[in-house]
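Data block below; observations after.
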Amino acid sequence: VIGLASAWRLTQRGCRVVIVDPRPAGAATHAAAGMLAPVSEVTYGETALLHVALESLRRYPDFVAELEDLTGREVGLRREGTLIAATDAGDRAMLADLHAFQAELGLTSTMLTSRECRSIEPSLHPDVRCGLLVASDHSVDNRRLADALLAAVIAGGATLVKETVAEICVDDNVESVTGIVTSAGTRHSAATVVLAAGPWSAAIAGLPAAARPPVRPVKGQILRLRPPTGQAVTTPLPEHSIRAISHGHDIYLVPRADGELVVGATVEDRGFDTTVRAGAVRELLRDARAVMPGIDELELVEASAALRPGSPDNRPIIGRTVIDNLVVATGHHRNGILLAPITADLVAGIVTSTTPAADAAHIDAVSPARLAKVPAGAGR
Ligand code: GLY
């Protein structure tokens, strides 16, 4: 999604873009749940990320409207909000802390009683004792979004090369990049290379160590459920995205207008492993049904695993590198879908040297320079 969104904005600025990817938006973008939830996910010590994420969320409605108008495709932006449910005293205390932290940061959320939670989400588990409603946290259908972006970049004149990048080519003085070579041996020359290869960004051949973004793969296993075709279910699907801590794990359930319910996700440091494990599926279902028992009636239509690009401080890495015409856009960790609009604007501004002054603080927050001393692959 980061590569496609950036490509779209670059084509709009008159750049001639070649996208080299064997399966565009086929990895974490395809597996993701599409939560746009900077307020629910706000974390101590990560306020720099929060500001970038809030700005990206602010840009989302226009980003989606423009994309939908251009392509005639709906991308399923839902604005019902997110409800964080608490089922025991520990969860209740955690929600009270989160609510206080959000208020301290000027963010709006509302504590709800058990009865209030059930009045807006009747299928919550009877054990839900209270909740925190974050009306401003939304969701989008990430697969539809990626399809629309691909259509938009092709309509904008970009060329799609469905091959793997084998090497980024660097000149003899290691001062500039000259293009890329694909695994099929085809060379594409370029004035600028935008490296947006998710967790693989650190490992592409050709670059000196100092130019490689320090990203690592963070595995997520995730499920997709839906009402069985032609069969009525007695429990309504949620209207809001639902989150909870269950058995010590963060669980989320994200509904789609077409009846799909996305349940995720594990967060695992297991290198480049994308095996779907039976134990993870069991735990995700166990944790999800602790909040919404009616999911038992749904069909399990997909279990998948993908790799988020983790960075050392959980902030994305976007900007020029020690090689001036190599721009990186990776490290989005759990927030790739959310951060796509702002990332695309920043990349387009950097590549065309037209960054508006209003984006300067965001550029600083995500700049590769802040991590200059961190070797590629670090950051656990
Ligand atoms: N943004 C949710 C996840 O990465 O699981």
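Each row is one residue, and each column tells you yes or no for (1) at pLDDT 95 or above; (2) within 14 Å of the ligand (Cβ to nearest atom).
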{"residue": "SER56", "(1), (2)": "yes, yes"}
{"residue": "ARG59", "(1), (2)": "yes, no"}
{"residue": "PHE63", "(1), (2)": "yes, no"}
{"residue": "ASP69", "(1), (2)": "yes, no"}
{"residue": "GLU80", "(1), (2)": "yes, no"}
{"residue": "ASP88", "(1), (2)": "no, no"}
{"residue": "ALA93", "(1), (2)": "no, no"}
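In segment 269-287, is there at least one residue being among the polar types (S, T, N, Q), surrounded by fewer than 24 Cβ atoms within 10 Å (Cβ to Cβ) and in contact with a Lys or Arg (Cβ under 8 Å, 6 or more places away or on another chain)?
Step one: list which residues in segment 269-287 are among the polar types (S, T, N, Q), which gives 274-275.
Subset that is surrounded by fewer than 24 Cβ atoms within 10 Å (Cβ to Cβ): 274-275.
Still in the running and in contact with a Lys or Arg (Cβ under 8 Å, 6 or more places away or on another chain): 274.
Looking through segment 269-287, at least one residue is among the polar types (S, T, N, Q), surrounded by fewer than 24 Cβ atoms within 10 Å (Cβ to Cβ) and in contact with a Lys or Arg (Cβ under 8 Å, 6 or more places away or on another chain).
Pick out the one residue from ALA210, ALA196, ALA184, ALA203 that is among the hydrophobic types (A, V, I, L, M, F, W, C) and over 20 Å from PRO24 (Cα atoms). If you could, list the steps in order and put the result at the bottom.
Values: ALA196 fails: over 20 Å from PRO24 (Cα atoms); ALA184 fails: over 20 Å from PRO24 (Cα atoms); ALA203 fails: over 20 Å from PRO24 (Cα atoms).
Matching residue, one of ALA210, ALA196, ALA184, ALA203: ALA210.
The conditions are (1) surrounded by fewer than 22 Cβ atoms within 10 Å (Cβ to Cβ); (2) under 22 Å from GLU239 (Cα atoms); (3) within 15 Å of the ligand (Cβ to nearest atom), and LEU50 fails exactly one of them. Which is it?
(2)
For the condition among the β-branched types (Val, Ile, Thr) and within 16 Å of the ligand (Cβ to nearest atom), what is the one hit in VAL215, VAL170, VAL193? I'd like the intermediate steps shown before the answer.
Working: VAL170 fails: within 16 Å of the ligand (Cβ to nearest atom); VAL193 fails: within 16 Å of the ligand (Cβ to nearest atom).
Unique residue meeting the criteria: VAL215.
Kindly state which helices (runs of 4 or more DSSP H) lie completely within segment 1-88 and contain at least 3 residues that are of a type in the set (S, T, N, Q).
Answer list for segment 1-88: 2-12, 47-71.
Please specify each residue of segment 28-40 satisfying the condition of being buried (at least 22 other Cβ atoms within 10 Å of the Cβ) and not β-branched (Val, Ile, Thr). Outline the logic, then answer.
Let us first name the residues in segment 28-40 that are buried (at least 22 other Cβ atoms within 10 Å of the Cβ), namely 28-29, 31-40.
Residues satisfying the conditions are ALA28, ALA31, ALA32, ALA33, GLY34, MET35, LEU36, ALA37, PRO38, SER40.
Yes/no matrix, rows are residues, columns are (1) of a type in the set (A, V, I, L, M, F, W, C); (2) within 16 Å of the chain's Cα centre (by Cα):
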| residue | (1), (2) |
| --- | --- |
| GLN221 | no, yes |
| LEU225 | yes, no |
| LEU261 | yes, no |
| ARG270 | no, no |
| GLU283 | no, no |
| ARG289 | no, no |
| GLY294 | no, no |
| ARG315 | no, yes |
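Identify, please: which residue in segment 226-260 is surrounded by fewer than 23 Cβ atoms within 10 Å (Cβ to Cβ) and part of a strand (DSSP E or B) and is, among those, nearest to the ligand (Cβ to nearest atom)?
If we take residues in segment 226-260 being surrounded by fewer than 23 Cβ atoms within 10 Å (Cβ to Cβ) and part of a strand (DSSP E or B), then ASP250 is nearest to the ligand (Cβ to nearest atom).
For ARG129, which of the numbered conditions (1) among the basic types (Lys, Arg); (2) at pLDDT 95 or above; (3) closer than 20 Å to ARG243 by Cβ fails to hold?
(2)
So which of VAL322, VAL366 ends up being of a type in the set (Val, Ile, Thr) and buried (at least 24 other Cβ atoms within 10 Å of the Cβ)?
Working: VAL322 fails: buried (at least 24 other Cβ atoms within 10 Å of the Cβ).
The unique qualifying residue is VAL366.
Give VAL181, VAL174 a once-over and let me know the one that is assigned to a strand (DSSP E or B), over 21 Å from the mean Cα position of the chain (by Cα) and of a type in the set (Val, Ile, Thr).
Criteria check complete, one pass: VAL181.
Of all residues being open to solvent by less than 40 Å² (accessible area, probe 1.4 Å) and in contact with a helix residue (DSSP H, G or I) (Cβ under 8 Å, 6 or more places away or on another chain) in segment 108-124, which is farthest from VAL1 (Cα to Cα)? Just the residue, please. Please lay out each step first, then the result.
Filtering segment 108-124 down to residues open to solvent by less than 40 Å² (accessible area, probe 1.4 Å) leaves 109, 112, 114, 117, 121, 123-124.
This time we only want the ones that are in contact with a helix residue (DSSP H, G or I) (Cβ under 8 Å, 6 or more places away or on another chain), so: 109, 112, 123-124.
Working: SER109: 29, LEU112: 35, SER123: 33, LEU124: 32 Å.
Residue satisfying both the conditions and the ranking: LEU112.
How about segment 335-348: which of its residues are surrounded by fewer than 24 Cβ atoms within 10 Å (Cβ to Cβ) and either touching an Asp or Glu at 6+ places or on another chain (Cβ under 6 Å) or not small (Gly, Ala, Ser) (or both)?
Correct list: ASP345 only.
Going through segment 100-149 one residue at a time, which ones are of a type in the set (D, E, K, R) and in contact with a Leu (Cβ under 7 Å, 6 or more places away or on another chain)? Give the derivation first.
Residues of segment 100-149 that are of a type in the set (D, E, K, R), as a first pass: 104, 115-116, 118, 121, 127, 129, 137, 141, 143-144, 147.
ARG118, GLU121, ASP137, listed by residue number.
Looking only at segment 288-342, how many residues end up being within 26 Å of HIS240 (Cα to Cα), within 16 Å of the ligand (Cβ to nearest atom), small (Gly, Ala, Ser) and in contact with a strand residue (DSSP E or B) (Cβ under 9 Å, 6 or more places away or on another chain)?
Summing the residues that are within 26 Å of HIS240 (Cα to Cα), within 16 Å of the ligand (Cβ to nearest atom), small (Gly, Ala, Ser) and in contact with a strand residue (DSSP E or B) (Cβ under 9 Å, 6 or more places away or on another chain) in segment 288-342 gives 6.
The values are calculated or read from the model by the stated rules, or taken from the named source; none is laboratory data. Keep in mind the model is a prediction, meaning the values are calculated, not measured. Neighbour counts are summed over all protein chains in view; Cβ atoms, including those assigned to glycine, are modelled from backbone coordinates with ideal geometry. We work out accessible area using only protein heavy atoms, side chains counted, and drop any ligands, DNA or RNA first. Shrake-Rupley method; radii C 1.70, N 1.55, O 1.52, S 1.80 Å.
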